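To start, the structure under review is shown below, and the notes come after it.
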Amino acid sequence: MAEFQSVRGFHDVLGEDLKRFRYVSDSIRKLLKLYNFEEILLPVVEYLEVFQRSIGEITDIVQKEMFVFQDRKGRWLALRPEGTAGAVRAYIQNKLYALKPYTKLFYEGPMFRYERPQAGRYRQFHQIGAEVFGIQDPQVDAEMIDLVYTVLSKLGIPATIEINSIGCRVCRPAYREALSEYLEKVVGHLCDVCMDRKDKNPLRVLDCKVDTCKSAVKDAPKMVDYLCQECREHYNTLKSYLDKLSVPYRENHYLVRGLDYYTKTVFEAVSDELGITLIAGGRYDYLVEELGGPPTPAMGFAVGIERLSMLIKDLPQEEPLYMVLPFGDVMDYALEVVKKLREMGRRVELSYRKAGLKKQLELANKLKADFVVIIGEDEKKNRRITLKDMRTGKQETINFPELVHETL
Ligand SMILES: [Zn+2]
Ligand SMILES: [Zn+2]
């Protein structure tokens, strides 16, 4: 029978890749705890409408990239393509707004998008995201961007943070109109997709990756020139806070993000090495209300774990590995030694292989053991162990367990 393959776009994560993945995830989780975010575990499936109403109908994600299916009762469901919509749904459903004046949540897990698979991009990928509900002050925006900057610094990943403001209900309509007018003038240069976007969702044209579109919008009007008083103050205060926090950033007046729910601040961290977006986020002050909750300003971001993992050069050193090699009728004693070493917090492998010293040492090398613990009949009789340092070749026999504390 032919071997099964994993589904296209879905892949196994293992070995060194998984070590990098966990290192990224653990590092971010540790930082999120320092910033006092609380974790929430969200389902991977939501009603389709949750995404349609939040991300927006006229977006690539909703139009083309979601895994959508009907359950046995004919209800339309979708695998989550991102985390914010579900987090907002949960915030409302669990009435978290009633518990505290504001709420800081983070989530982690797989997301699903039906995109063309390519290097570093899969149909199942993983994100960690953080959301702050209930505060509109730009101090939140500044702290979130600072958190993103700290994540990248801690992981040693060179990236540039780009920021923009895309305004609010008050000021965006006039900008939209000005942008539409401008797009009419360059209509001959727009790709087919943007021809469709220019009427339905003109801001998305600014986001197009097609070269002709990119150059067509080079002189497009900028949102920053249309911001209302409140949005302008918000944006300027954010910039002054970022300066105070020594967070470097670049203003990108055409940064809009591909989702409809954003208001005011949007930002991205772009890899200096690969030019791809690593972390993205923004403010979404109307979304809670639009999904049926009380009016609640909010701000969040999401990190693509695979993308950051790809850019990790050096992993921190692992705990030394002790490989216990039993020879002869000594398994009872060997098990006792192994248990004791693990109780002491050591990383221990007990060789399951029955073989002579040479073969056993080969295995220890293959497993990259730092030390081997040799246990023969003599060792068992005298309650000792022979410890060999694989890096120096030095070997000594010591009493067990009394001397272990001093030696290992
Ligand atoms: Zn505004
Ligand atoms: Zn285009």
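Kindly evaluate Ala355 against the criterion of being more than 14 Å from Ile398 (Cβ to Cβ) and at pLDDT 95 or above. Can you show your working first?
Details: more than 14 Å from Ile398 (Cβ to Cβ): yes; at pLDDT 95 or above: no.
No: the conditions fail for Ala355.
Taking only pairs six or more apart or across chains, which ones have beta-carbon atoms under 9 Å, a first residue in the stretch 128-143 that is assigned by TED's automatic domain parsing to the domain that holds Gly300 and in a helix (DSSP H, G or I), and a second residue that is of a type in the set (Gly, Ala, Ser) and open to solvent by 30 Å² or more (accessible area, probe 1.4 Å)?
Close Cβ pairs satisfying both conditions: Pro138/Ser240; Ala142/Ser240.
Would you kindly identify the helices (runs of 4 or more DSSP H) lying entirely within the stretch 188-271 that contain at least 2 residues that are open to solvent by 70 Å² or more (accessible area, probe 1.4 Å), out of contact with any strand residue (DSSP E or B) (no Cβ under 6 Å at 6 or more places or on another chain) and more than 16 Å from ligand 2 (Cβ to nearest atom)?
Hits in the stretch 188-271: 229-244.
Does the stretch 123-133 include one or more residues that are of a type in the set (Phe, Trp, Tyr), open to solvent by 10 Å² or more (accessible area, probe 1.4 Å) and closer than 20 Å to Glu268 by Cβ? Spell out how you get there, then give the answer.
If we filter the stretch 123-133 for residues that are of a type in the set (Phe, Trp, Tyr), which is where we start, we get 125, 133.
The next check asks that each one be open to solvent by 10 Å² or more (accessible area, probe 1.4 Å); those that pass are 125.
Checking which are closer than 20 Å to Glu268 by Cβ leaves us with 125.
Scanning the stretch 123-133, I find at least one residue that is of a type in the set (Phe, Trp, Tyr), open to solvent by 10 Å² or more (accessible area, probe 1.4 Å) and closer than 20 Å to Glu268 by Cβ, so the answer is yes.
Scan the stretch 73-82 and give yes if some residue there is open to solvent by 50 Å² or more (accessible area, probe 1.4 Å) and small (Gly, Ala, Ser), otherwise no.
Within the stretch 73-82, the subset open to solvent by 50 Å² or more (accessible area, probe 1.4 Å) is 73, 75-76.
Retained after the next criterion (residues that are small (Gly, Ala, Ser)): none.
Scanning the stretch 73-82, I find no residue that is open to solvent by 50 Å² or more (accessible area, probe 1.4 Å) and small (Gly, Ala, Ser), so the answer is no.
Give me a count of the residues in the stretch 76-120 that are basic (Lys, Arg) and either outside the structural domain of Gly300 (by TED's automatic domain parsing) or over 16 Å from Asp60 (Cα atoms) (or both).
The first filter runs over the stretch 76-120 and keeps only residues basic (Lys, Arg), leaving 80, 89, 95, 100, 104, 113, 116.
Okay, now just the ones that are also either outside the structural domain of Gly300 (by TED's automatic domain parsing) or over 16 Å from Asp60 (Cα atoms) (or both), so 89, 95, 100, 104.
Looking only at that region, the number is 4.
So the check is Cβ under 6 Å with 6+ separation or different chains; which pairs have a first residue in the stretch 186-204 that's at positive phi and outside the structural domain of Val62 (by TED's automatic domain parsing) and a second one that's near ligand 2 (Cβ under 8 Å from one of its atoms) and assigned to a helix (DSSP H, G or I)?
Going by the 6 Å Cβ cut-off, there are no qualifying pairs.
Restricting the stretch 158-181 to residues that are in a loop (DSSP other than H, G, I, E, B) and of a type in the set (A, V, I, L, M), which is farthest from ligand 2 (Cβ to nearest atom)? Quick ask: steps written out before the conclusion?
Taking the stretch 158-181 and keeping what is in a loop (DSSP other than H, G, I, E, B), we get 158, 166-171.
Remaining after also requiring of a type in the set (A, V, I, L, M): 166, 170.
Values: Ile166: 18, Val170: 28 Å.
Among residues in the stretch 158-181 that are in a loop (DSSP other than H, G, I, E, B) and of a type in the set (A, V, I, L, M), the one farthest from ligand 2 (Cβ to nearest atom) is Val170.
The values are calculated or read from the model by the stated rules, or taken from the named source; none is laboratory data. Please read all numbers here as calculations on a predicted model, not as lab measurements. Here the Cβ is made from the backbone with ideal geometry for all residues, glycine too, and neighbour counts use every protein chain on show. Accessible surface areas use protein heavy atoms only, side chains included; no ligands, DNA or RNA. Shrake-Rupley method; radii C 1.70, N 1.55, O 1.52, S 1.80 Å.
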